[in-house]
1. Kindly list the number of the only condition in (1) part of a loop (DSSP other than H, G, I, E, B); (2) over 18 Å from the mean Cα position of the chain (by Cα) that fails for Lys115.
2. Taking the stated definitions as given, is Asp34 acidic (Asp, Glu), modelled with pLDDT of 85 or more and loosely packed, with under 11 Cβ neighbours inside 10 Å?
3. Name, by its number, the condition in (1) surrounded by 10 or more Cβ atoms within 10 Å (Cβ to Cβ); (2) modelled with pLDDT under 85 that does not hold for Thr4.
4. Any residue in segment 39-59 that's within 16 Å of Trp69 (Cα to Cα): show its pairings with residues that are assigned to a helix (DSSP H, G or I) and of a type in the set (Gly, Ala, Ser) at Cβ separation under 7 Å, as long as the two are six or more apart or on different chains.
5. Considering only segment 69-84, I want to know if a residue exists there that is under 30 Å from Arg28 (Cα atoms), touching a strand residue (DSSP E or B) at 6+ places or on another chain (Cβ under 6 Å) and among the aliphatic types (A, V, I, L, M).
6. Go over the candidates Glu16, Glu27 one by one and state the one that is at pLDDT 80 or above and either touching a Ser or Thr at 6+ places or on another chain (Cβ under 8 Å) or acidic (Asp, Glu) (or both).
Amino acid sequence: MQDTAKKTPKDGIEGEGSYSGTRDYNERTAKFIDKGKVDKAAREARRAMDSDEAAELTRHYRRGEGLDWIMRHRIAGLEAARLVRQVGPRLVLTARLGWAVAWIYRLTIAVLGLKTTG
């Protein structure tokens with residue numbers, strides 16, 4: 001007879017639906033709610049959804065362009081901001097600005113003690 005009890009792998013990888021990830025999400029969500037940030041976030045989300053950009057995203061998505069168009073749109077924005085550039089089929093960080101933003105991002109994650117995914 002097989003043991004059907006779930007076991008935590010020795011390497012700490014839980015896979016999809018991880019208990020620690022769910023626990024972390026629930027804790028951060030509760031803190032967000034407790035700090036009274038929900039109304040402000042809802043107003044910002046509504047403003048974003050009412051924007052011209054949201055309407056454009058919706059139009060393209062509904063015409064069947066979906067995720068491919070959204071990714072091209074986002075990459076174009078990163079290229080316009082000079083954070084990335086395309087080298088053949090690859091997308092790379094620009095020498096100064098892209099690397100600086102990536103470094104600041106990593107520093108922020110470390111200082112705030114946030115968990116990274118993927």
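The values are calculated or read from the model by the stated rules, or taken from the named source; none is laboratory data. What you see is a predicted model, and the numbers here were worked out from it, not measured in a lab. Don't worry about glycine lacking a Cβ; one is built from the backbone with ideal geometry, like all the others, and counts go over all protein chains shown.
1. It fails just one condition, (2).
2. yes
3. It fails just one condition, (1).
4. From residues that are within 16 Å of Trp69 (Cα to Cα), the pairs are Ala54/Ala48.
5. Checked against the condition, which is being under 30 Å from Arg28 (Cα atoms), touching a strand residue (DSSP E or B) at 6+ places or on another chain (Cβ under 6 Å) and among the aliphatic types (A, V, I, L, M), segment 69-84 yields at least one hit.
6. On the way: Glu16 fails: at pLDDT 80 or above.
Going through Glu16, Glu27 in turn, just one is at pLDDT 80 or above and either touching a Ser or Thr at 6+ places or on another chain (Cβ under 8 Å) or acidic (Asp, Glu) (or both): Glu27.
This table checks each residue for (1) exposed (fewer than 11 other Cβ atoms within 10 Å of the Cβ); (2) assigned to a helix (DSSP H, G or I); (3) at pLDDT 80 or above.
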{"position": "Lys40", "(1), (2), (3)": "yes, yes, yes"}
{"position": "Arg43", "(1), (2), (3)": "yes, yes, yes"}
{"position": "Glu53", "(1), (2), (3)": "no, yes, no"}
{"position": "Glu56", "(1), (2), (3)": "no, yes, no"}
{"position": "His60", "(1), (2), (3)": "no, yes, no"}
{"position": "Gly64", "(1), (2), (3)": "yes, no, no"}
{"position": "Ile70", "(1), (2), (3)": "no, yes, no"}
{"position": "His73", "(1), (2), (3)": "no, yes, no"}
